[in-house]
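Inspection log for the structure reproduced underneath, given as structure tokens.
Computed from the coordinates by the stated procedures, all read-outs in this text should not be read as laboratory data. The model shown is predicted, which means the values in this text are computed figures rather than measured ones. Please note: Cβ atoms are built from the backbone with ideal geometry, for glycine as well, and neighbour counts cover all protein chains shown.
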Amino acid sequence: MFKWAAYEQHRHTIRSLVKTLAQAAKRYKDRRLDSGVFYLVPSDTDHLTVHQALPRCRLELERRKDALDQHNKRVASQIAHTGGLLLPATRLLLWTTLSSLVLGCIIELV
């Protein structure tokens, strides 16, 4: 593949795209770490005994539960703020669709 003419022609583009993907994966990993979800992080309890690892696992589960509770409270406050009707993105989509229909009817009548 490295000898292909197409690869040589687009080598810089391919490298920049791979770098962009690596940066996106790093941002994703950092956000998950900040929110308390640790799926992409290697376990630091692999070298510990069971008696040492259990308290750490409990602490990790508590952190995850706290992060989930915070997320649920944030979502609940957003729903309460909108009156429980529609999320802002849904309202924007609905408004855009209805205004397009009205504009189409006006154009058709004229």
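To make sure I understand the rule: partners must be lysines, Cα under 22 Å from the Cα of LYS73, and not fewer than 8 residues away in the same chain. Which ones qualify?
The qualifying lysines are LYS65.
Which lysines does LYS29 reach when only Cα atoms under 17 Å apart count, and residues fewer than 8 places away in its own chain are ignored?
Straight-line reach from LYS29, under 17 Å: LYS19.
Just subtract the alpha-carbon distance of ALA6 and SER99 from 0.36 nm times their residue separation and send over the number in nm, one decimal.
Taking 0.36 nm per residue and subtracting the Cα distance, the gain is 28.8 nm.
What FRET efficiency would be calculated for the residue pair LEU59, ALA89, taking the C-beta separation as r and a Förster radius of 25 Å, to the nearest 0.05?
0.10
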